[in-house]
Structure formats: structure tokens, C-alpha cells
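The values are calculated or read from the model by the stated rules, or taken from the named source; none is laboratory data. For clarity, every value in this text was computed on a predicted model and none was experimentally measured. Positions of Cβ are generated from backbone atoms using ideal geometry, with glycine treated the same way; all protein chains shown enter the neighbour counts. Side chains are part of the model used for accessible areas, which takes the heavy atoms of the whole protein and leaves out ligands, DNA and RNA. Shrake-Rupley method; radii C 1.70, N 1.55, O 1.52, S 1.80 Å.
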Amino acid sequence: MRFRSLQSRIVVFFVALLLTVQVAGFGLISHAIKNYAARTIRHELAVGERIFQRVLEQNAHQLALATSILADDYGFRQAISSVNQKRLALALDVHRERVGAEVMMLINPKHIVLADSNRSTLTNKPFPFPELIRESEKTGSASMILVSNDRLYQFVLVPVTVPAAWIVLGFPIDDRLAADLGELASLQISFLRRTDNEEWKLFASTLPAALQPALLDHMRGVAAVDSTPLMVLDGEKFQTLTSSVSKIGEKPVFAVLQRSLNDALLPFDALQANLLVLTLIGLVISVAGSIFTARNVSRPVTQLAKLANEIEQGNYLQAAEMDRADEIGKLASAFNHMRQAIADRENRISTLAYKDALTGLPNRILFNDRLHQALGSSLRSGQPLTVLIMDLDHFKDVNDTLGHHMGDLLLEEVATRLQTTLARQSDTLARLGGDEFAVLLPADDAKAARSVALRLLEALDVPITLNGHAVDVGGSIGIASYPEHGTDAGTLLQRADVAMYAAKRGNSGVAVYDPRDDDHTAERLSLLGDLKHAVEFNELMLCYQPQLDLQTGTVESVEALIRWRHPRRGYIAPDLFIPFAEQSGYIKTITRWVLAEAFRKAAECHANRLPIRISVNISARDLAGAELQETCIELIQLYRVEPEWIRLEITEGAIMDDPTRAMETLEALHGMGFDLSIDDFGKGYSSLSYLKKLPVDELKIDKSFVMGMVCDKDDAMIVRSTIDLGHNMGLRVVAEGVENAEDLHLLKQLRCDLAQGFLISKPLSSNDLMKWLSEFRSRPISENAHFADTAQNRPARNSSFSVVKSG
């Protein structure tokens with residue numbers, strides 16, 4: 001029987017399962033028996049201890065009673081009064097024999113032994129156990145277990161009133177008493193005590209003589225007498241309870257009560273033997289039953305496996321024939337139903353694999369297949385073909401407002417209208433998914449396809465009624481043609497999709513693919529990689545353009561302008577790579593680099609006694625995140641720069657992208673001590689409601705107004721109004737693009753604060769700025785104040801430089 005077969009695995013499983021259960025059960029039962037025996041023994045030891053204590057108490061009571069009777073005997077009292085030791089000793093001896101005591105003594109009030117039944121050397125000497133007398137004085141009589149003459153006794157002391165004296169009886173605690181107590185409690189009892197040299201002495205024990213030395217050896221090795229509830233004596237385990245029977249002195253007497261675990265488990269040995277026999281019988285029955293069950297299961301499974309192989313080969317004609325009412329028969333019936341269902345499903349799949357289930361239009365798979373076929377035909381014939389991608393406008397609103405069921409009805413109606421609009425059978429309309437449709441126009445170029453696209457949009461102009469709701473639905477269509485926009489199916493679909501999004505952004509309805517709309521061109525991806533390389537390898541640089549104070553003729557601020565000299569492409573204008581950096585999110589890295597350079601330059605200028613304020617442009621993405629504040633704090637600490645040495649410029653558009661977040665960021669920066677400036681004011685939204693709330697210190701007039709204000713009255717009016725507005729709001733006003741003396745002179749007349757442009761200086765490199773500032777400041781102040789008068793002969797424009805901000 002192969003172990004790989006189902007039959008062998010069933011047999012092995014059931015045998016292993018039974019063995020596991022039986023072994024586990026046997027182990028659990030054995031463990032339970034041992035626990036039960038241990039609990040029983042602990043209970044027996046506790047009961048035995050109580051019996052042992054009660055017996056000692058009864059013995060003491062009986063001895064005390066007998067002694068009290070003797071003390072009341074007239075003749076005994078006469079003997080005591082006569083002080084005749086022989087007569088006393090005789091009376092004591094007679095009474096000792098009568099009560100069965102071994103020792104009997106008479107003690108006077110001075111604690112002197114007057115007489116001893118054993119006529120020992122204690123006569124006329126102090127009583128050796130004063131603690132017994134002290135206990136009698138407290139309670140009237142006393143009983144204690146004490147050691148006398150190297151033997152263990154239970155002493156009982158009873159007072160005699162007339163004449164005053166004490167009678168002491170001693171009852172020996174020996175092997176006979178231990179045997180009586182052990183038989184009464186069904187336990188082994190031993191009495192032990194430490195000697196003066198810290199050795200253990202055994203006074204009495206019911207243990208076999210062979211085990212008594214082992215008990216002493218074990219007690220010699222323990223730190224505390226009650227620390228070993230389980231004791232092993234000569235290989236035999238004993239549950240142990242140690243009880244102190246005398247607490248007098250530093251060497252008390254202990255009673256060790258024990259019960260053998262082997263004796264306690266003896267009644268259960270037969271039960272465990274029976275369990276083992278049952279386990280073996282169950283194993284044999286399990287093997288036989290599992291073999292029978294395995295064969296009964298594996299045969300029909302093998303037959304069904306053969307039928308499954310037939311189905312795998314595409315043969316659905318043969319059925320499983322099993323005349324059984326059990327689960328195997330039900331499995332065979334289900335197998336036959338599955339076989340028929342697979343056959344039916346394959347037929348449906350072959351029909352619906354290329355159809356959209358909702359609209360009945362060709363799906364993406366069929367559309368791609370027809371597009372490949374059309375491309376092959378166009379390649380052979382040289383005719384063009386065009387792909388249209390259409391996305392419905394506001395479809396999500398319909399789903400969210402009216403529900404997905406209404407959205408499905410809308411898609412069905414749209415599909416019907418679009419299909420009706422296409423006149424030729426060669427044209428293919430497909431639903432690619434969601435609210436996206438595609439049209440394949442063989443032999444049409446982009447111009448012809450545009451006409452078709454307009455007709456498709458026109459078909460959607462009439463509102464669609466859905467359960468009484470009139471829904472206006474429109475669309476955006478992108479067009480890509482072979483071979484103009486691509487020579488393979490993937491490229492055409494991708495570029496038609498780009499054109500569709502361009503149409504949606506421009507709200508134009510229809511758009512033909514334009515590479516400028518494609519954010520995923522190889523050139524743009526390459527540019528992103530080069531831009532990252534430029535930051536890492538210092539290909540970027542900052543130039544600085546001075547700003548002239550028109551009232552004092554001084555230069556106390558400059559604007560930082562970014563430049564990129566590409567090692568292969570040469571100069572790349574900022575208006576090409578800065579917008580791309582903003583779109584890709586890389587602008588934050590560039591901003592951090594620009595800020596670091598500006599902070600470093602500000603620190604350098606102030607260290608060289610050229611106090612200057614540097615303006616840095618900040619983008620909308622910088623205002624939207626929390627990194628800008630953290631970066632400024634780090635750079636202040638790194639370069640030891642004062643915040644007022646840096647001015648941050650923000651465009652109106654950056655503020656209006658997210659006014660709430662922008663104002664929070666600007667408030668935080670202004671609170672840190674930075675000056676804030678609105679750049680290109682008048683070119684954007686010019687929202688005065690936000691302007692009055694912003695913590696700005698400066699407005700910059702866009703150069704498009706400054707450069708035309710001498711010739712254009714409207715530009716001049718805008719410049720004048722902006723200056724007046726800024727001053728009325730307590731702001732400085734800076735004019736950009738000052739390239740001739742007339743502009744500068746007019747700005748002075750309009751009381752503009754600062755001017756920036758080629759007339760004053762072109763953007764300077766870091767080293768040239770230091771030199772320019774030194775030379776400028778070395779000139780007389782009067783000459784700088786009348787800068788406009790001395791600049792008439794300067795060229796109006798230097799075409800080799802352009803002012804482009806850092807974004």
C-alpha cells in the first residue's frame with residue numbers, strides 16, 4: 001500500500017489519531033490518578049495530624065484527671081505532709097503503676113523535687129522543666145512533650161492545694177505509642193529533634209528500620225523541616241507533613257507524618273493495566289476499520305479522477321454512474337452537474353468573452369483585437385486609421401446622486417445613442433470600462449474623425465430621462481491617428497487618452513493629441529532625472545539682482561534668481577523646468593536648495609559688512625506643506641542668520657490655490673520674523689479680501705505693467721493704483737522690469753519705494769554681487785540718489801540675460 005495513495009493516508013491518519021487520543025487519554029488519566037492520590041494523601045496527613053494532636057491532648061487530659069484524683073486522696077495528702085520520702089516515693093510508685101505512667105514526681109512550692117517514683121538523682125534538686133510550672137500557674141494544669149534522660153516524654157503537671165505542691169506524670173513517647181498513633185491515622189509517624197551538635201535524633205518511628213537512617217539523612221540535608229512535602233527514602237516516595245509537637249527551647253520536637261505514594265497508587269494499578277489493554281484492542285479495531293473505510297472512499301474517488309481527466313481533455317459526454325445514496329453518491333451527482341455546467345459556461349464564455357455585459361458593445365479585449373487587425377490592414381494599404389477615447393462628464397455625480405442602478409441605465413442609453421450615430425458597419429464602438437468608451441474609425445484621418453466626434457457629442461445634447469429625472473450628460477473626446485500619432489495599438493490608445501484629458505481640462509469637448517499635453521514623454525522623464533542630478537551635483541546656481549531704493553539711492557536688498565546650465569543641453573530657462581518641477585512635486589527639493597544658498601549668501605554678506613536682504617520666491621506646493629517652516633528653522637540655526645535678512649516672495653496664484661492653508665503658513669513665517677512679499681501683483685486674482693488679511697510687508701508690481709507704463713495710460717494707471725494701494729495698506733512697493741531711465745523717473749514721481757531691472761543691474765553671480773555691492777557703496781550717496789539722471793546712456797536691454805524667478 002503506497003503511502004502517497006488516499007487509502008494509505010486514511011489508514012495512517014486514523015491509526016495516528018487513535019494512538020494520539022489513547023496515549024493522551026492514558027497520560028491524562030495517569031496524571032489525574034497521581035494528582036488524586038497526592039490530594040488524598042495530603043488530606044489524610046492533615047486528618048492524621050489532627051488525630052495525633054487530639055490523642056496527645058486526650059492522654060494529657062486523662063493523666064491530669066488521674067493526677068487530680070490522687071491529689072484529692074486524703075492518704076496521699078497525709079504522705080505529702082509527713083515529708084517522709086520513702087512513704088512519698090511508695091505512694092507515687094503505686095499511683096504511677098495505676099495510671100500507666102513511667103515517671104511520677106512531687107514538686108514543692110520552691111520548685112524542688114521532693115520525691116521521684118524512679119528514685120532518680122533529681123530528688124531534692126530543682127525541677128528541670130520550669131516552663132511546665134509556669135504554664136500550670138497560668139492555666140491550672142499543663143502538658144508538654146519534653147526530652148528527659150535522652151528519652152521523649154509527655155509530661156503532665158497538676159497542682160495540689162493542701163498542702164501546696166505539684167504532681168508531675170511522665171508518659172513515654174516510644175515506638176509503641178508511635179505504632180498506636182500510626183495505626184489509628186493509617187500513617188507512618190516519626191518523632192525527631194535536633195541535638196546540641198545539630199544532628200537529628202529519632203526518638204520513635206513506625207517506619208521500617210531500613211528506612212529510618214534514610215529519614216535522618218534526608219532531614220540532615222534540608223534547611224527547614226517543613227520545606228519538603230515530598231520525600232524520597234531509599235527510592236520510595238513519601239508525601240510528608242511535619243508538625244511541631246513541642247516549641248520549648250531552641251530544639252523543639254517534631255512529628256513527621258508520612259504516607260507512601262506507591263501504597264496510595266496501588267489500588268489504581270489494575271485500572272491502568274485495563275486501560276492499556278483497551279488501547280491495544282482499540283488500535284487493532286481502528287486499523288481494520290480504517291482500511292475498510294479507505295477502500296470504500298478511494299475507489300469512487302479514483303473513478304471520478306478519471307472522469308475529471310476526460311473533462312480536462314474537453315470530453316463532456318461521459319457521466320459518472322454510481323448507484324449510491326451516501327455522500328459519495330451525492331459527490332458523483334454533483335460531479336455530473338458540474339460537468340454539464342462547465343460545458344454550458346464554456347459556450348456562454350465563447351459568446352460573451354468579447355462583449356460588455358451591460359451595454360452589449362464590444363469590450364476592451366475585442367476592441368484591442370480589432371485595432372490590431374486594422375493596424376495590420378493600414379500598414380499594408382497605407383491608409384490612416386483613428387482611435388477616439390470618450391469619457392462622460394459628470395457621470396460620477398449621477399452615480400452619487402441617483403445611485404448606481406441609474407448610472408447603469410444612463411450607460412445603456414448612451415451606448416444606444418452612440419451606436420445609432422455611427423453609420424458605417426466597419427466602425428467599432430466599444431465600452432472600455434466605467435464611463436469610458438472607444439471608437440475605431442478605419443480609413444479616417446484626424447480631420448474626418450473630428451467630425452465624427454462632434455456628431456457623437458451632439459447625440460448627447462438631448463437630456464436623458466431616467467425614471468422621471470432629466471439628466472444632462474456630455475463627454476470629452478480625445479483623438480489619435482495612425483501613423484501621425486503612433487504606429488502601435490498601445491501608443492494610439494495612450495495618446496488618445498492624453499488628448500481626452502486635454503479636452504476635459506480645456507472644456508473643449510474634442511481634442512487631437514498634442515505632444516505638449518503629454519506629461520509622460522521621454523523628454524520630460526529625462527528632464528526630471530537631469531533635474532535631480534543638477535541638484536545633487538551643483539549644476540544649479542543662484543544669481544542676484546539688486547533692488548534700488550528710489551528715495552535714498554541705496555541698495556539694501558536683492559532678489560535670488562535660479563539658473564541651470566545643463567552640461568549637454570546648455571542653458572535651460574526656468575520657465576521650462578520650474579513648472580515641470582512643480583507638477584512632479586520636485587519643486588520642494590529645489591526650494592530647499594535655493595533657500596540654503598540664499599541663507600548662506602546672506603550670512604556671507606553680513607560677515608563682510610555688506611548687510612543685505614535676499615528675496616526668495618516660494619511656490620504653491622511649498623505653502624501647502626509643513627516642510628517650509630522646518631527648513632527655515634534648520635537653516636537659521638545652521639548659518640546663524642537672522643530672519644529679517646531673508647524676504648519670502650509669494651505669487652497671488654500660490655495664495656489662491658489654498659488660501660486657508662497659505663495664510664496659516666504665512667502667519668507662522670511672519671511670526672518667525674521673515675518679511676513677506678506678494679510677487680507679480682496685479683497679474684493674478686488680486687483678491688483684496690485676502691490681501692488685507694495676509695501678514696505681508698511688500699507688493700511687487702509685475703514687469704508687464706512697468707515696461708509699458710510710459711506709452712500705455714492703462715498700464716500707468718495700474719502702476720499708480722498699485723503704489724497708492726500698497727502705501728495705504730502700509731506696504732512697500734517694488735517695481736520690476738525697470739529697463740530705461742523714463743520708467744525709473746516716472747516711478748520716482750509716483751513715490752514707488754524700490755526698483756529692480758536691467759537699468760540698475762543685470763542678475764549677478766555670487767562673486768560679482770559682492771564686487772558690485774562694494775563698488776556701489778563706495779560711490780557718493782548723492783550720485784546714487786540721482787541714479788536716474790546718470791543712467792541715460794546705459795543700454796535699455798541686455799538680451800543675453802533674462803530675469804526668470806525661482807518659482
Using amide H atoms built 1.01 Å from N in the peptide plane, name the residues 5+ places from Leu152, or on other chains, whose amide H lies under 5 Å from its own. Ile173
Between Glu102 and Asp217, Cβ-based FRET efficiency (R0 30 Å, step 0.05) works out to 0.50
Report, please, the projected area of segment 555-622 averaged over directions, based on the convex hull of its C-alpha atoms, in nm². 5.5
Taking only the Cα positions of segment 443-484, the convex hull volume per residue in Å³ is 69
Through the Karplus equation 6.51 cos²θ - 1.76 cosθ + 1.60, θ set to phi - 60°, convert the phi angles of segment 175-186 into ³J(HN,Hα) values in whole Hz; use x for Gly and Pro. 4, 5, 4, 4, 5, 4, 5, x, 5, 5, 9, 6
Using only the Cα atoms of segment 92-207, each taken as one equal point scatterer with no solvent, compute I(q) by the Debye sum, divide by I(0), and report log10 of the ratio at q = 0.10, 0.20 Å⁻¹. -0.34, -1.11
Could you state the angle between the C-alpha long axis of helix 766-778 and the longest principal axis of the C-alpha atoms of the chain, as a value from 0 to 90 degrees rounded to the nearest 10? 70
Efficiency of FRET between Thr139 and Leu266 - r from beta-carbon atoms, R0 45 angstrom, step 0.05: 0.50
Long-range amide H contacts for Ser615: which residues qualify at under 5 Å (H placed 1.01 Å from N, peptide plane, sequence gap of 5 or more or a different chain)? Val558, Glu559, Ala560, Arg647
Please give me, ordered by residue number, the chymotrypsin sites (Phe, Trp or Tyr not before Pro) of segment 526-610 that lie in loop per DSSP and have at most 13 other Cβ atoms within 10 Å. Phe537
0 to 90° range, to nearest 10: angle between helix 522-536 axis and the chain longest Cα axis: 60
Placed amide H near Thr651: partners under 5 Å, 5+ positions off or other chain: Ile618, Asp679
For the chain, give me the percentage of DSSP beta bridges that are antiparallel, rounded to the nearest 5 percent. 75
Cα-only Rg/Rh for segment 329-459 with Kirkwood Rh rounds to 1.13
Could you state, as a whole-number percent, how many of the C-alpha pairs of segment 367-431 are farther apart than 15 Å? 63
Spherically averaged projected area in nm², based on the convex hull that wraps the Cα atoms of segment 614-654: 2.9
Value of Rg to Rh for segment 263-302 (Rh from inverse mean 1/r over Cα pairs, i.e. Kirkwood): 1.41
Segment 452-513 - Debye-derived log10 I(q)/I(0), Cα point model, q = 0.23 Å⁻¹: -0.87
With a 1.4 Å probe and all protein chains left in place, how much of the accessible area of the chain comes from carbon and sulfur atoms, in whole percent? 53
By accessible area with a 1.4 Å probe, ligands and nucleic acids excluded, highest first: order of His745, His61, His111: His61, His745, His111
Calculated SAXS-style log₁₀ I(q)/I(0) at q = 0.18 Å⁻¹ - segment 392-522, Debye, Cα scatterers: -1.01
Can you work out ³J(HN,Hα) from phi for every residue in segment 231-241, in order, using Karplus 6.51 cos²θ - 1.76 cosθ + 1.60 and θ = phi - 60°, giving whole Hz and x for Gly and Pro? 10, 10, 10, 6, x, 9, 8, 10, 7, 10, 9
Using 7 Å Cα-to-Cβ label points, what is the Leu283/Gln419 separation (nm, one decimal)? 7.4
In nm, the gap between the two label points placed 7 Å beyond Cα toward Cβ at Val15 and Glu642 is 9.5
Quick one: plug the Kirkwood hydrodynamic radius of segment 28-68 (C-alpha pairs) into Stokes-Einstein at 25 °C, 0.890 mPa s, and report D in µm²/s. 199
Alpha carbon Rg of segment 397-455, scaled by the compact-globule rule 2.2 N^0.38 Å: 1.31
Please give the contour-minus-distance gain from Ala470 to Asn309: 0.36 nm per residue of separation, less the Cα-Cα distance, rounded to one decimal in nm. 52.3 nm
Going residue by residue through segment 545-555, the Karplus relation 6.51 cos²θ - 1.76 cosθ + 1.60 with θ = phi - 60° gives ³J(HN,Hα) values, rounded to whole Hz and with x marking Gly or Pro, of 10, x, 10, 8, 7, 6, 8, 9, x, 9, 10
On alpha-carbon atoms, Rg over Rh for segment 611-756 using Kirkwood Rh? 0.99
Taking Rh as the Kirkwood radius computed over alpha-carbon pairs of the chain and applying Stokes-Einstein at 37 °C with viscosity 0.692 mPa s, one gets a diffusion coefficient in µm² s⁻¹ of 81
Tail fraction, Cα-Cα pairs, segment 85-156, threshold 16 Å, whole percent: 51
For Asp472, Asp217, give the ranking by accessible area with the largest first, probe 1.4 Å. Asp472, Asp217
Show that you can apply the helix-only estimate: for the chain, add -39,500 (n - 2.57) for every DSSP H stretch of four or more residues, divide by all residues, and state [θ] at 222 nm to the nearest 500. -16500 deg cm²/dmol
How high is the FRET efficiency from Leu528 to Met663, r the C-beta distance, R0 25 Å, rounded to 0.05? 0.20
Probe 1.4 Å, heavy atoms of protein chains only: per residue, the accessible area of the chain in Å² is 51
Given N residues in segment 698-786, what is its alpha carbon radius of gyration divided by 2.2 N^0.38 Å? 1.16
P(r) of segment 543-583 over all Cα-Cα pairs, 5 Å bins starting at 0, rounded to whole percent, reads 6, 19, 17, 17, 13, 10, 10, 6, 2, 0
Would you mind computing, in nm to one decimal, how far apart the modelled labels at Arg50 and Glu412 are, each placed 7 Å from Cα along Cα→Cβ? 8.8
